[in-house]
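Novice: The structure follows.
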Amino acid sequence: LLVADYNSISFANELKPYSLLDQYKSKQSGKPSFNWEKVKPMLKFCKENNLKVRGHVLVWDSVMDQDWINWFFKENFDPNGALVDSETMKARVKSMIEDVMNYCEDNYPGVIYAWDVVNEAVADNWNDAKGTTESNNPCRIRTLRNGAKNYYYETIGLDYVKYSFECADKVRDEIKEKNGNDILLFYNDYSSFQTEKRDHICELIKEINSEEKLCDGMGMQSYIGGWADNDADRQNGCFSPYDLSNHKEAVEKYSALGVEVHITECAIRNFYNTESALKKHKEFYVKFVKQIEELNSGSTPKITNFSIWGLTDLPSTVTDSNYSYTMNGPYAGLYTSLNES
């Protein structure tokens, strides 16, 4: 199915820092070091089957506060150590970005055509940006995620996002000079079509590109509809025309900043497999895709990638305590099932 119907894929977790970083190797080498074993067969498969990859992701705060991985921010790579200073952390981030981008390009040249440089750095609200104000943090960079500290902010400060793009830009220039491959750099986030958060993301993109164009595009995760505490309210929140219009307006605002838009993790949520729900899901999906076509009808397409979350419905996730259930919906796939016959 992948080879037949797709030309671009993203890996869910395997290229994230917490998946690649290796504490033992880092302690031995004195710099961030990595274990590539899980991602090797995936990159190999893509190279052999001419599938391009959106690299996801170089810098992301989520999970990184936990004891099994927060050593990345600590002295001597020791979870019991103190947090390192800003310059030390900048050196580690720079080293990590250089090594990850170069490893992938040197071993699987041309496979990764775009990187999400930073993921989900803009807070949903000011409760997730505690300790900052509109005047000193106009982009509303998050300082907390579900109450947990953002260690990139704790060590480097509010400019860790732009700094990460500066590091990635330098590496992609070197790659282009070396072999001609031109890698695109993206900022990626969820709820990016919600108006308030959208406006803060716009401020962030403008800040990243204030001196030179470092960010080529905006990655809109595009989980659409159906976020609530119970099934009935979740389903009632699906297939809203306001989500369609808000998504269109957001694409236009990002495009007006001179960047491409990628739809990076699209899930048109649906929680019921009744005939009525499946019909509404299909109709809404058609409207969404036609909206993409309309946005791309000009001389320059606004949306240059459309990635969906998962391949098929997942009815086995019918439990409201399951992350995939609440995030994606069990009946949100483009395909009902994968028939291997």
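Novice: Can you give me the number of residues within the stretch 208-241 that are among the acidic types (D, E), under 25 Å from Y325 (Cβ atoms) and surrounded by 13 or more Cβ atoms within 10 Å (Cβ to Cβ)?
Specialist: Looking only at that region, the number is 1.
Novice: In the stretch 242-279, what residues are loosely packed, with under 14 Cβ neighbours inside 10 Å and more than 25 Å from K213 (Cα to Cα)?
Specialist: Passing the criteria: Y242, S245, T274, E275, S276, K279.
Novice: Here is a follow-up. So, K279, is that one farther than 16 Å from Y190 by Cα and without any contact (Cβ under 8 Å) to a residue 12 or more places away in the chain or not?
Specialist: Against the criterion (farther than 16 Å from Y190 by Cα and without any contact (Cβ under 8 Å) to a residue 12 or more places away in the chain), K279 qualifies.
Novice: Taking W126 as the residue in question, decide whether it is surrounded by fewer than 16 Cβ atoms within 10 Å (Cβ to Cβ), at pLDDT 95 or above and either closer than 23 Å to I205 by Cβ or within 19 Å of the chain's Cα centre (by Cα) (or both).
Specialist: yes
Novice: Only one of these is over 18 Å from E260 (Cα atoms), without any contact (Cβ under 8 Å) to a residue 12 or more places away in the chain and open to solvent by 10 Å² or more (accessible area, probe 1.4 Å): G147, G157. Name it.
Specialist: Answer to the selection: G147.
Novice: Residues in the stretch 166-206 that are among the β-branched types (V, I, T) and open to solvent by 20 Å² or more (accessible area, probe 1.4 Å): how many?
Specialist: Residues in the stretch 166-206 being among the β-branched types (V, I, T) and open to solvent by 20 Å² or more (accessible area, probe 1.4 Å): 1 in total.
Novice: Separate question: In the stretch 225-341, which helices (runs of 4 or more DSSP H) lie fully inside it and hold 3 or more residues that are touching a helix residue (DSSP H, G or I) at 6+ places or on another chain (Cβ under 9 Å)?
Specialist: Result: 241-256, 275-295, 323-328.
Novice: Say whether the condition of being closer than 30 Å to R92 by Cβ and under 16 Å from the mean Cα position of the chain (by Cα) is met by at least one residue in the stretch 206-214.
Specialist: Looking through the stretch 206-214, none of the residues is closer than 30 Å to R92 by Cβ and under 16 Å from the mean Cα position of the chain (by Cα).
Novice: Further question: Those residues that are open to solvent by 20 Å² or more (accessible area, probe 1.4 Å), in a helix (DSSP H, G or I) and either in contact with a Phe, Trp or Tyr (Cβ under 8 Å, 6 or more places away or on another chain) or within 14 Å of N70 (Cα to Cα) (or both), I need them from the stretch 11-32; list them, please.
Specialist: Residues satisfying the conditions are Y18, S19, Q23, Y24, K25, K27.
Novice: Scan the stretch 49-61 and tell me whether some residue there is closer than 25 Å to D182 by Cα, open to solvent by less than 50 Å² (accessible area, probe 1.4 Å) and assigned to a loop (DSSP other than H, G, I, E, B).
Specialist: yes
Novice: Here is a further query. Just to be sure before I move on: is R198 in contact with a Lys or Arg (Cβ under 8 Å, 6 or more places away or on another chain), part of a helix (DSSP H, G or I), at pLDDT 95 or above and of a type in the set (K, R) in the structure I sent?
Specialist: The answer is yes for R198.
Novice: Separate question: Run down S337, S307, S255 and say which single residue is within 15 Å of S192 (Cα to Cα), polar (S, T, N, Q) and touching a residue at least 24 places away in the same chain (Cβ under 8 Å).
Specialist: S255
Novice: Quick check on my filter: what residues within the stretch 103-140 are part of a strand (DSSP E or B) and in contact with a Cys (Cβ under 6 Å, 6 or more places away or on another chain)?
Specialist: I112, the sole residue that qualifies.
Novice: Among the residues in the stretch 75-83, are any touching a residue at least 24 places away in the same chain (Cβ under 8 Å), surrounded by fewer than 16 Cβ atoms within 10 Å (Cβ to Cβ) and of a type in the set (G, A, S)?
Specialist: no
Novice: Could you go through the stretch 39-62 and let me know if any residue there is under 23 Å from K162 (Cβ atoms) and polar (S, T, N, Q).
Specialist: Within the stretch 39-62, one or more residues are under 23 Å from K162 (Cβ atoms) and polar (S, T, N, Q).
Novice: A further question follows. Give me the pairs: first residue in the stretch 165-193 and farther than 20 Å from S8 by Cα and in a helix (DSSP H, G or I), second residue open to solvent by 10 Å² or more (accessible area, probe 1.4 Å) and among the polar types (S, T, N, Q), beta-carbon distance under 6 Å, and six or more apart or on different chains, which are they?
Specialist: I175/N181
The values are calculated or read from the model by the stated rules, or taken from the named source; none is laboratory data. In this text, all values refer to a predicted model and were calculated from it rather than measured experimentally. When we count neighbours, we look across all protein chains shown, and the Cβ atoms used for this are built from the backbone with ideal geometry, even at glycine. What goes into the accessible areas is simple: the full protein's heavy atoms, side chains included, and nothing from ligands, DNA or RNA. Shrake-Rupley method; radii C 1.70, N 1.55, O 1.52, S 1.80 Å.
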